[in-house]
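Take a look at the structure set out below.
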Amino acid sequence: MMRKINITLLMGTVIAAFLVMMAFFPQWFTDQDPNTQQPRIQVEEQEVDGEMVKVYNQPPHAPNPEAWMGTDGVGRDLWTRLVYGTHTTLKAVILAVFFRFLVAIPVGVSAGMKLPLFSKGLKVFNTLFTAIPGLIFSFIVLNIEYIRNLPLNQAMPIFVTVLTIVGWPKLARQIEERTEIIMEEDFIEGEIALGKHQGQILKENVLPHLTPSLISWSFLEMGLVLFLLAQLSILGIFIGPSQGAMVIDGNPQWFTAVNAEWSNLLARAPVDIRAGHYWLVLFPGLFFFLGITGFNLIGEGLKEEFQKRESRIVSWIQQGIHQLSPALYLKQITRFKKYRFPIVIKTTAVLLLLGFIIYPGAQSLYSFDGEQSRQHLENLLDRKEGQQGVQDYITEKMEEAGLVKSGEDSYVFSSEDGNHGETLIGILPGENWEKIKDPDGWREKQNLVIIGTRYDGIYQGEERISPTRATGAANAITLAEIMAGASEGLEQTLMFVFWDGQGSQVNIEEPNRYMRNPVIPTNRVNYRYLDLGYIPQDSQRSLQVSLYTSKAQQIQFQQLMFDVQNTLDRNQLQYHLTMNLRGSGAIAGLSLSSLFSIGVGEEYYSFMEKETPDPGDSHETFLEQQGQFILDMLTMTEHFD
């Protein structure tokens with residue numbers, strides 16, 4: 001007799017497997033980068049009154065052959081962002097469900113076994129979240145500005161905590177009710193008559209009978225968490241920071257998410273519906289529907305299996321749980337010859353898990369010398385000759401570090417332009433330097449890293465006015481000294497540029513002048529630009545980091561963003577990350593020709609004209625944060641190899 005196929009469980013498993021593959025192997029489903037922005041203006045030909053006319057469209061673009069699900073409001077492919085967002089969304093769901101069970105199982109089982117403290121406490125929590133719905137509680141907490149601005153990796157634990165708090169009481173109540181039913185069974189009375197205490201009854205009777213329900217509920221709970229995330233998204237709450245979009249005169253017209261994640265795609269659903277942008281609501285909604293349906297089908301399908309007297313799936317689950325038993329593992333060790341293979345497999349898995357938990361993350365290859373940078377800062381602020389003394393000090397330090405002069409006999413960048421600033425450029429040769437400087441010796445473009453900062457505006461005449469304006473120069477000098485003394489040879493050539501913005505608020509003239517007549521022609525090199533900005537304002541102490549590229553398809557921009565976030569998190573920095581927003585004038589001037597630009601720190605702001613003339617502790621902290629981040633990016637990521 002053929003076994004009846006559990007269609008419910010089969011369909012749910014297929015959907016879940018599809019989402020898991022999408023989460024771990026997004027490149028199987030799309031070859032685009034989730035942060036690539038399509039051109040702001042798209043030209044299409046449409047027939048109007050029998051004539052073909054050109055129509056100019058701005059994002060969001062409706063579904064088309066290039067983006068079959070359309071694009072979002074800034075021109076990013078919707079399908080690609082949904083694919084890459086699956087990992088973040090499922091991670092939040094799985095973590096929230098895990099911690100809900102971690103709290104609910106001991107509380108619910110204890111309450112079901114009539115321990116009064118747990119029973120009364122559980123009633124209090126259930127009453128509380130009946131009076132205050134979980135959706136409203138989550139919205140109030142997660143809408144706090146501080147939480148909304150946290151980067152993804154720092155926001156995730158807070159979201160998981162809130163999702164755990166609002167869900168565990170109801171789950172614990174289910175476990176309590178199921179435990180009570182088990183405790184009322186006749187065989188429990190028999191166990192008590194045999195003299196077993198509650199601990200033995202819990203281990204040998206309650207937990208084995210409770211396990212099937214827990215497995216089924218875990219998938220149903222995943223559907224509930226995903227549904228709550230969908231509800232929060234409609235209210236504009238999602239995991240990770242947002243950034244301004246369509247910035248006009250410094251004021252964003254609206255905000256968009258930085259990271260790819262399902263719920264942030266529905267954050268503007270009411271606006272998109274009114275504007276007729278149906279695809280921005282339909283397709284993210286379908287992904288939520290698919291996920292919720294898949295997890296619910298697995299949960300219900302497992303319920304059906306657990307109710308059968310003979311179920312192959314139940315047998316597999318029981319065997320799996322039995323094989324994971326520590327007691328079985330210890331017994332197998334005593335009979336090593338017979339159970340050699342499973343012992344090796346289990347031991348390897350345990351060692352890998354312990355190594356993952358205990359082994360520290362990658363350590364910085366080079367330590368940034370904050371004291372050395374602080375000394376440079378103090379020296380820059382002690383120039384009796386004013387701004388000319390700053391220039392002399394920088395050129396002196398570049399020469400001591402062995403940097404090659406950009407001109408024939410000077411570090412001052414010159415061109416045929418008329419009036420201009422005195423930008424300083426020094427080159428730290430890498431292994432590819434000979435190919436770069438020989439116009440006939442290269443067959444393909446070489447890699448060049450430009451590290452730039454401003455050094456103007458520290459003095460007016462001989463009067464010091466801004467220690468903040470000297471921080472970038474102090475760090476750039478220190479980075480040049482560290483990299484020049486690196487034990488391993490440099491693969492790529494580094495160019496250190498000290499821009500002379502001539503005291504302007506936005507340093508755009510000098511970068512534009514450089515691009516008109518660069519030291520190394522852009523047709524000979526692929527370059528990355530690192531911009532050292534200023535210390536954040538007192539009102540925002542987090543480090544401002546901005547990524548910009550016009551060539552996302554050429555550089556794996558998603559991986560770059562991931563590496564930047566990992567580097568910042570490894571150094572335990574508070575930061576605010578933005579993408580493809582205009583940064584400093586240098587980033588704006590060089591962005592169209594660079595593979596990518598990274599700005600670390602702020603651009604000009606007015607308080608620098610009113611600050612005290614002496615550096616404080618915050619300057620020293622900023623020097624170390626900015627310097628170590630740049631140093632780790634240069635030496636520990638593949639983007640600068």
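The values are calculated or read from the model by the stated rules, or taken from the named source; none is laboratory data. Just so we're clear, the structure is a prediction, and the values are computed from it rather than from any experiment. Positions of Cβ are backbone-derived with ideal geometry, glycine not excepted, and every protein chain shown enters the neighbour counts. In case anyone asks, the SASA skips ligands and DNA or RNA and just uses the protein heavy atoms, side chains included. Shrake-Rupley method; radii C 1.70, N 1.55, O 1.52, S 1.80 Å.
Give me a count of the residues in region 521-545 that are modelled with pLDDT under 75 and either open to solvent by 20 Å² or more (accessible area, probe 1.4 Å) or polar (S, T, N, Q) (or both).
5
If only one of Gly167, Gly190 is in contact with a Leu (Cβ under 8 Å, 6 or more places away or on another chain) and farther than 17 Å from Leu210 by Cα, which one is it?
Every option except Gly167 fails the conditions.
What are the residues in region 364-384 that are farther than 19 Å from Leu490 by Cα and modelled with pLDDT under 85, if any?
Taking region 364-384 as the starting set, the residues that turn out to be farther than 19 Å from Leu490 by Cα are 369-384.
Those that are farther than 19 Å from Leu490 by Cα and modelled with pLDDT under 85: Arg383, Lys384.
Which ones in region 14-32 are β-branched (Val, Ile, Thr) and closer than 9 Å to His87 by Cα?
Val20
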Starting from region 496-525, take each residue that is farther than 21 Å from Met398 by Cβ and list its partners that are open to solvent by less than 30 Å² (accessible area, probe 1.4 Å) and part of a strand (DSSP E or B), counting only C-beta distances under 7 angstrom and pairs at least six apart or across chains.
Arg524/Gln446
Can you tell me which of Ala67, Ala96, Ala104 is out of contact with any Lys or Arg (no Cβ under 6 Å at 6 or more places or on another chain), open to solvent by less than 10 Å² (accessible area, probe 1.4 Å), small (Gly, Ala, Ser) and assigned to a loop (DSSP other than H, G, I, E, B)?
Ala67
Confirm whether Pro60 is in contact with a His (Cβ under 6 Å, 6 or more places away or on another chain) and modelled with pLDDT under 85.
yes
Looking only at region 409-418, decide whether some residue is within 23 Å of Gln492 (Cα to Cα), open to solvent by 30 Å² or more (accessible area, probe 1.4 Å), of a type in the set (Gly, Ala, Ser) and assigned to a loop (DSSP other than H, G, I, E, B).
yes
Members of region 613-641 found to be at pLDDT below 85 and of a type in the set (Asp, Glu), listed by number
Asp614, Asp617, Glu620, Glu638, Asp641
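May I ask you to say which residue of Ala260, Ala275 is at pLDDT below 90, small (Gly, Ala, Ser) and farther than 25 Å from Asn566 by Cβ?
Of Ala260, Ala275, the one residue that is at pLDDT below 90, small (Gly, Ala, Ser) and farther than 25 Å from Asn566 by Cβ is Ala275.
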Quick check, is Leu171 touching a Lys or Arg at 6+ places or on another chain (Cβ under 9 Å) and modelled with pLDDT of 90 or more?
yes
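What tally of residues in region 217-234 results from selecting those that are without any contact (Cβ under 8 Å) to a residue 60 or more places away in the chain and either closer than 15 Å to Val166 by Cβ or touching a Ser or Thr at 6+ places or on another chain (Cβ under 8 Å) (or both)?
First, pick out the residues of region 217-234 that are without any contact (Cβ under 8 Å) to a residue 60 or more places away in the chain: 224, 233-234.
If we keep only those that are either closer than 15 Å to Val166 by Cβ or touching a Ser or Thr at 6+ places or on another chain (Cβ under 8 Å) (or both) as well, we get 224, 233.
Number of matching residues: 2.
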Can you find, within region 467-520, the residue that is farthest from Gln388 (Cα to Cα) among those that are surrounded by fewer than 24 Cβ atoms within 10 Å (Cβ to Cβ) and among the basic types (Lys, Arg)?
Arg516
Just to confirm my filter: which helices (runs of 4 or more DSSP H) fall fully inside region 116-216 and include at least 3 residues that are open to solvent by less than 60 Å² (accessible area, probe 1.4 Å), touching a helix residue (DSSP H, G or I) at 6+ places or on another chain (Cβ under 8 Å) and among the basic types (Lys, Arg)?
none
